[in-house]
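Below is one structure, written out as structure tokens; the observations come after it.
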Amino acid sequence: MELRKRPKINYSPLEDWNEIHVLARHWQSDLEFYGDEIRFLCGLIDKYFIWLSEDENINLVRALSEKLLKLSTERKELSEKISAHLSQLARVIENVFPREEAQFRNEHVQLESRLSDFLKTFREVKKQVFAVTEQVMEEEKLKRLLTP
């Protein structure tokens, strides 16, 4: 059985660039949102950190705080790269040199991959924060109830 080739959609160059621009702007917006989410998760951890008494719980929370700090740094770097990418897009559109276009498209794919990796890591860390927060709250609550 022979596989059928997908029909190639012919975009005008301007439509193609507009789609890339819209996508990159969307990435920026998403990263701003994830910045807010990271700040919220850090605040959640800070709120309960002061109540911790078990060393194991303190170490768990510290490790999560470090992961969130790393995510925050990565988010900022990605945001800066996307801003530079958008600036470069404007230059590529104005000058449309095939060599620059190919390099730009390669960079676009790399940014998309990094963003995808960031989102996977973010979701994983967010789940960990909620799970550990819930676990720690229960353990600490139980300890307080058992301590006279």
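The values are calculated or read from the model by the stated rules, or taken from the named source; none is laboratory data. It should be emphasised that the depicted structure is a prediction, and the values quoted were computed from it without experimental measurement. Because the Cβ atoms are built from the backbone with ideal geometry, glycine has one as well, and the counts that use them run over all protein chains shown.
See the values below:
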quantity	calculated
Close pairs (8 angstrom Cβ cut-off, 6 or more residues apart or separate chains): hydroxyl-bearing (Ser, Thr, Tyr) in segment 24-41, surrounded by fewer than 16 Cβ atoms within 10 Å (Cβ to Cβ) and at pLDDT 95 or above anywhere	Tyr34/Leu119
Qualifying residue in segment 61-71 (condition: assigned to a loop (DSSP other than H, G, I, E, B), in contact with a helix residue (DSSP H, G or I) (Cβ under 7 Å, 6 or more places away or on another chain) and either surrounded by 13 or more Cβ atoms within 10 Å (Cβ to Cβ) or modelled with pLDDT under 70 (or both))	no
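So that you can scan it fast, the table gives a plain yes or no per residue for (1) out of contact with any Phe, Trp or Tyr (no Cβ under 8 Å at 6 or more places or on another chain); (2) modelled with pLDDT of 90 or more:
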{"residue": "Arg91", "(1), (2)": "yes, no"}
{"residue": "Glu94", "(1), (2)": "yes, no"}
{"residue": "Phe104", "(1), (2)": "yes, no"}
{"residue": "Leu111", "(1), (2)": "no, yes"}
{"residue": "Lys120", "(1), (2)": "yes, yes"}
{"residue": "Phe130", "(1), (2)": "yes, no"}
{"residue": "Glu140", "(1), (2)": "no, no"}
